[in-house]
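Each remark here refers to the structure printed beneath this line.
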Amino acid sequence: MQTPYGCYPHTDSQSHLLTVYIPLDRKSIFDDESTSTHQIVKDHVLEAKVVGKNIPPGTQPVSSAFGLFTNQLLYQTSTLYFSMNKSLQHMLPLFLCLLFLPLCMLAQSEKGSISGYIQSENKEPLPNMTIGLDETAYGTTSSETGHFLLKNIPAGKYVLSISGIGYQALKQTIVVTAGQRTSLNYQLNRKTNELSEIVITSDRKSSFTAITKQAIPLRDIPLTTSSVSVKTIEQRGADDLGEAMKNTTGVRANNTYGGFQHFTIRGFSNFVLLVDGVRDERHNISTSAPTTNLANVESIEVLKGPASVLFGHSALGGIINIVRKRPTKEFKAEFSATYGSYNTRRMRAGASGSISNQLRYRVDFGMSDTEGYRYSGSTTNNAYLALEYTPTSKDLFYLTVGVNKDNYDTDTGIPMLEGSKKIPGLDVDTRYNDPADFLKHTRFDYQLNYVHKFSEKVKLSDQLSYYDDNIHYFSTEELSVNASLDSLTRSFPFYFNHLTKPLQNQLELSSEWLTGSIVHKVLVGYSLSILDRKTYNGDVNGPGKNATIPIHNPILNQGYISFTDQNYRATMENVHGVYIQDWIKVAEYLKALIGLRYDIFNGSYYTNQVDATRHVTEEGPKSTISKNALTYRFGLVYQPVEPLSVYSSYSTYFKPSRRVAPNGETFDPETGYQAEIGSRLQHSGWTASLAFYYMRKDNQVEALPGGIYKRIGSAESKGFEAEINGSLWKGLDLTAGYTFSKANYLPYEGSEINPVAGKRVSFAPVSMLNLWLNYEWQYAAFKGLNMGAGVNYMSDTFTNSTNTYTLPAYTVTDMAIGYRVGRINVRLNLNNVLNKQYFANAIYSNQFSPGPTRNFLLSLKYAI
């Protein structure tokens, strides 16, 4: 019986195999010699059968270059494979089959190609025009002579889009015929007053990303990225950044103290949060910070691994970039209202359009209010304005103003006994904080971006930003269990007020030029950051201080409790950075990326005593930290066939230590690096990726209660990520990913013993799985009906470096159903369908925060 070529997962009691049969007709990637079965990975972990004799007709071995990559890739898989438990071993072949099956399918499909020529109204060739097929990942740019070519396009009907700076965009429906080349010729007319920018919008599925700062397709860069679109955010009913990040592979969201958010990426908590490409310094100083609702968010981008070359210090795990909505030429508007469990109420309104040919706008408003699970409620309100002004065809001004005023009820979880055991009889649905606790967050955010185009290949940009951020916090944080196990003492009430005011500027020059036949896209930049931050602390007083409350039927209000300012800690920093990045196109199938950055960091820190009106009564001594650092990145991309990219990269990072011990001691900066190898497959409407990585960071310092700091040395994280997302076919959207990561502390170098060596890094689970599937019926009888379902899995997670407390593994299932008719969309989300009791986060190692029980959201949206 003839075996058809394709991908075949197979498991039995002795082995877990993925067999891949590859056909003859892909001659561009195959050798001329045929061989017998070739097993790429030994020990029966995976095997790839590339057939020649006594095998299915029409198959042949892969080329040496592609085979070499596959060999290395699957070898790394086997190493990780043996460190998994059996249940995970069963899952791995299925994930790999998902990723490699499309390649086999591509081998069987009939393809065509598209060629063309683009000229101006003066009959001159137009280079560097962007050409793409809408709703696919196929795209290219026109050459110096105005010509372009798209190869290996599946036969069918497409919408071809052509655009470029200073020219009117063009769209046309075309048909690709199997085995034939479709030849096209176009003429583009100049715009009178408009400068187009490459941005990520929901109007067109772009293959570009703002986190690379250059107009380079994702398939051509040696980096691993993920994104969450506004479509997915709306489908899942997400309202804050932590909820949205559930849809991102390799990222663990941590929400603590009621409203503070931070993230673990690939096992490490060192990340940089960006808003439209501008650093939010709060997370780099105090690890976590609140973020308002997502009313004005278009998408969220994640770059995995060190990103210091373009974005400066502190980005080891990666960066998270919040992309806000932009103005549009045509008028658009939407309004939505939501009601749900815990008396949740939300309202959104937004509009965009043109005021004139030169001026466009975007406005958004968002309001959310909820009593919250365990009465840990919140109220978030924000407004956003964006103006885009193009006075000439070569100039663009882009201004954004954002403001939010948010309030949260603090939640410090419930204390657990040794061994992570719950106190007998304790009700996890009860919140034990004092009713006087609060978290207030007010922020004013301003950005002004100017872009000038000198020519089609040279562009200058400058982005100036400033924000005024006020976090006011008071909470009865620590809950100590009494010996009788029948009551809790609020043993450490804590108060602070962070006032953060950073001024930042990024000046960048991008250009494109040739050395022989080699294409260079070069970015040169200078960044400046001036940070002014004051943190006020004080004395907590009142009869309710350190109150003891019963576990059963607690009376939460134990008397008046308040605070008085006593001092403030000042953080004054200046950071200068110069950087260069060169993307090199050696050939159509080979690209490279090289980057280099030099940072000069100067910080001054002191604590002044103040009175109740915040006037300084005594100045404290100053401590200074000055560090210089060189970071770099390099990588290669190999593309044996157009949809498939194979890449490897190496990058470094550093993070200045802002910590000053009570005795005035300062610490060396953290340093680290990542080595990575991966692949990315882009097909019509969807993308699949697989990446293996090794990360290491040195000179870690852990903050303990009471202002104490402990050196914990080095740590490493190694693992892999598999991800697939996009539209598998019309109406069916899929976002899925699996992460396997082992992050451990390492022994000290020398004779000194590191007591946590070999322990797992805190809040770094070994396994994470995310899945979201949404289908909208395309048939007349049910047209407009859509249904969604998703799962999030998290393995056991330690909450401290000594691994003495553990958040148990959990799986949460969500579902949704909606109906769209005309401009109206109604949607019902049911979260935690199985009503799973689980603990999502923790503070003080042993105070666990329960996840919400089963809950619903009912939304109504109207769009114009």
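Among the residues of region 442-460, are any part of a strand (DSSP E or B), touching a strand residue (DSSP E or B) at 6+ places or on another chain (Cβ under 7 Å) and either over 30 Å from THR212 (Cβ atoms) or not assigned by TED's automatic domain parsing to the domain that holds ARG533 (or both)?
Looking through region 442-460, at least one residue is part of a strand (DSSP E or B), touching a strand residue (DSSP E or B) at 6+ places or on another chain (Cβ under 7 Å) and either over 30 Å from THR212 (Cβ atoms) or not assigned by TED's automatic domain parsing to the domain that holds ARG533 (or both).
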Check on TRP772, buried (at least 18 other Cβ atoms within 10 Å of the Cβ), under 30 Å from GLU334 (Cα atoms) and aromatic (Phe, Trp, Tyr): yes
The listed residue being assigned to a strand (DSSP E or B), surrounded by 14 or more Cβ atoms within 10 Å (Cβ to Cβ) and in the same structural domain as SER368 (by TED's automatic domain parsing), out of ASP434, ASP411, ASP406: ASP406
Residue in region 205-214 that is out of contact with any helix residue (DSSP H, G or I) (no Cβ under 6 Å at 6 or more places or on another chain), modelled with pLDDT of 95 or more and not β-branched (Val, Ile, Thr) present: no
Which numbered condition LEU103 misses (of (1) modelled with pLDDT under 80; (2) in contact with an Asp or Glu (Cβ under 7 Å, 6 or more places away or on another chain); (3) not aromatic (Phe, Trp, Tyr)): (2)
Residues located in region 721-762, provided they are in contact (Cβ under 8 Å) with a residue 24 or more places away in the chain and on the phi > 0 side of the Ramachandran plot: GLY726, GLY731
Residue identified as over 29 Å from VAL646 (Cα atoms), touching a helix residue (DSSP H, G or I) at 6+ places or on another chain (Cβ under 8 Å) and at pLDDT below 95 among ASN185, ASN255: ASN255
Members of region 559-578 that are crowded, with 20+ Cβ neighbours inside 10 Å and more than 32 Å from the chain's Cα centre (by Cα): ILE561, PHE563, TYR568
Unmet requirement for TYR342, which otherwise passes all of (1) under 21 Å from VAL228 (Cα atoms); (2) in contact with a helix residue (DSSP H, G or I) (Cβ under 9 Å, 6 or more places away or on another chain); (3) not aliphatic (A, V, I, L, M); (4) not in a strand (DSSP E or B): (1)
Total residues in region 129-188, condition without any contact (Cβ under 8 Å) to a residue 40 or more places away in the chain, hydrophobic (A, V, I, L, M, F, W, C) and over 16 Å from SER113 (Cβ atoms): 3
Check on ALA743, assigned to a strand (DSSP E or B), among the small types (Gly, Ala, Ser), at pLDDT 95 or above and touching a Phe, Trp or Tyr at 6+ places or on another chain (Cβ under 8 Å): yes
Residues that are closer than 21 Å to PRO669 by Cβ and either surrounded by fewer than 24 Cβ atoms within 10 Å (Cβ to Cβ) or of a type in the set (Val, Ile, Thr) (or both), drawn from region 286-313: SER286, THR287, SER288, VAL309
Any chance VAL616 is touching a Lys or Arg at 6+ places or on another chain (Cβ under 8 Å) and either among the hydrophobic types (A, V, I, L, M, F, W, C) or surrounded by fewer than 17 Cβ atoms within 10 Å (Cβ to Cβ) (or both): no
Residues that are of a type in the set (A, V, I, L, M, F, W, C) and over 29 Å from the mean Cα position of the chain (by Cα), drawn from region 497-518: TRP513, LEU514, ILE518
Flag if TYR536 is aromatic (Phe, Trp, Tyr), buried (at least 17 other Cβ atoms within 10 Å of the Cβ) and in contact with a Leu (Cβ under 8 Å, 6 or more places away or on another chain): yes
Breaking point among (1) within 30 Å of VAL428 (Cα to Cα); (2) surrounded by fewer than 16 Cβ atoms within 10 Å (Cβ to Cβ); (3) in the same structural domain as ASP469 (by TED's automatic domain parsing), for ASN553: (3)
Total residues in region 415-426, condition part of a loop (DSSP other than H, G, I, E, B) and free of Cβ contacts under 8 Å to residues at least 60 places away in the same chain: 2
Output for region 746-757, where each listed residue is in contact with a strand residue (DSSP E or B) (Cβ under 8 Å, 6 or more places away or on another chain) and either modelled with pLDDT of 95 or more or of a type in the set (A, V, I, L, M) (or both): LEU746, VAL756, ALA757
Sole exception among (1) touching a residue at least 60 places away in the same chain (Cβ under 8 Å); (2) within 26 Å of the chain's Cα centre (by Cα) for TYR805, by number: (2)
Candidates THR442, THR412, THR430 - the one that is over 22 Å from PRO550 (Cα atoms) and in contact (Cβ under 8 Å) with a residue 12 or more places away in the chain: THR442
So GLY164, is it at pLDDT below 85 and either over 27 Å from PHE397 (Cα atoms) or surrounded by 14 or more Cβ atoms within 10 Å (Cβ to Cβ) (or both): yes
Subset of region 621-653 that is free of Cβ contacts under 8 Å to residues at least 40 places away in the same chain and under 26 Å from the mean Cα position of the chain (by Cα) - its residue that is surrounded by the fewest Cβ atoms within 10 Å (Cβ to Cβ): LEU630
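The values are calculated or read from the model by the stated rules, or taken from the named source; none is laboratory data. A quick note: this is a predicted structure, and the numbers were derived from the prediction, not measured. Ideal geometry is used to build each Cβ from the backbone, glycine not excepted, and the neighbour counts take in all protein chains shown.
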